[in-house]
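A.B. asks: Sharing a structure here in C-alpha cells format.
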Amino acid sequence: MKRRNFLATVVISSSLLVSQAVFAAPASIHSPVNAMFGKPKTVKLTLVNDSGAPMEVKCGDDVVKLDAGKPVTLKLTTGTRVVANSTSPMHQPGSLIAEVSDSLSGATLHIK
C-alpha cells in the first residue's frame, strides 16, 4: 500500500512539473523590423581635386563639378560609387574613384 501511495505521489508531482515545461512560452525570436524600413546610412566626406584642372565626378546619379584645389563636402549613402565623369590625366570617364563605406566617414579624398 505504501508503494502505491509513493508511486502515485511521484507520478502526480512529476506530471505537475512536466506540464509547466510543456506549456511554457517559446523563446522570443527577435527580428529587427527597422532593418527593412530604416533610412540608409549616410556618410559625410570631402572631395578635393588635386589634378590642377576642373573635373566632374558622378556620385550615384548626381554629377558634381570639382574645381582645382577647392574642397566639396558631400553626404552620400553607403554603397554609392564615385566615378570619374570627365577625362583627367589619371582618370578616364567611367573609372571608379571610390565606393562609399562607413570607414570613409569624415575623410578627405584627394583626386589627382
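Computed from the coordinates by the stated procedures, all read-outs in this text should not be read as laboratory data. These figures come from a predicted structure and were not determined experimentally. Quick reminder, even Gly has a Cβ in these numbers, built from the backbone with ideal geometry, and neighbours come from all protein chains shown.
A.B. asks: Please list, in chain and number order, the residues 5+ apart from V82 or on another chain whose amide H is under 5 Å from its amide H, with Hs placed from the backbone.
C.D. replies: When sequence neighbours closer than 5 places are left aside, the close amide H contacts are I97, A98, E99, V100.
A.B. asks: Cβ under 11 Å from L66's Cβ, L66 left aside: what net charge do those residues give with Lys, Arg +1 and Asp, Glu -1?
C.D. replies: Within the 11 Å Cβ shell, the charges total -1.
A.B. asks: So how much slack lies between E99 and T42, counting 0.36 nm per residue of separation and subtracting their Cα-Cα distance, in nm?
C.D. replies: This chain segment gains 19.2 nm when fully extended.
A.B. asks: Can you give the local net charge around D102? Use residues other than it whose beta-carbon is closer than 15 angstrom to its beta-carbon, Lys and Arg +1, Asp and Glu -1.
C.D. replies: Charge balance in the 15 Å sphere: +3.
A.B. asks: Next question. Quick one: length gained pulling E56 to A68 fully straight, 0.36 nm per residue minus the C-alpha distance?
C.D. replies: 3.2 nm
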